[in-house]
Amino acid sequence: MSELTIKDILNKAIEMEEAGKIFYEYAAAVVDNEEIMKVLSVLAQEEVKHKHIFENMKNDVAEISASNKSDEYLTYLNSFLSTKSVFDRKKFDEIYDKVKKITDIIDFAIEREMDSILYYMTLMTVVKEEQNFLVQKIIEEERKHFIKLNEAKKIILKK
């Protein structure tokens, strides 16, 4: 198995942000609640900002290999991506027709943000210690989305 690098991690983050933007734009277009539509539109815009943050981070780092973990552990991390539904274009296409109700949309997005946070937290154990701050920055960005989505859910549940 080839070594995992910080650029690999950042490339995945960029892909996830692109897929998240597509999802949030779709979600904003299908909800019938203006307040929630605005939240989802803001999240779509933030995905673009996050993507740019991660692209800049990628441009600012040297190609650094992940720490010396066993092939088995790296296989586990790669399997995580294929089994968890982090924002991913293929996975989004699979559920596209199933996510229509506003509560389904919010719940789906909350789960994806949680999976994304877990992905990045797991990767913190793989990258070299001096690069942890980069992955931590990604986690902080995803936590902000999680909080906004939970606030949106509270709005829905009040009605």
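Of note:
- Integer Hz, Karplus 6.51/-1.76/1.60 couplings in order for segment 129-138, x for Gly and Pro: 3, 5, 9, 4, 4, 5, 5, 4, 4, 4
- Protection proxy ranking of 112-120, 23-31 - average other beta-carbon atoms within 10 Å, highest first: 112-120, 23-31
- Stretchable slack from Lys154 to Gln136, in nm (0.36 nm times residue separation minus alpha-carbon distance): 3.8 nm
- Applying 1/(1 + (r/R0)^6) with R0 = 30 Å to the Cβ-Cβ distance of Val61 and Leu118 gives a FRET efficiency near 0.85.
- Neighbour counts of C-beta atoms inside 10 Å place Ile139, Ile102 in the sequence Ile139, Ile102, starting with the fewest.
- Cα→Cβ-extended label distance, 7 Å offset, between Ile147 and Ala29, nm: 3.0
Coordinate-derived values only; no laboratory data. Since we're looking at a predicted model, the values are computed, not measured. Ideal geometry is used to build each Cβ from the backbone, glycine not excepted, and the neighbour counts take in all protein chains shown.
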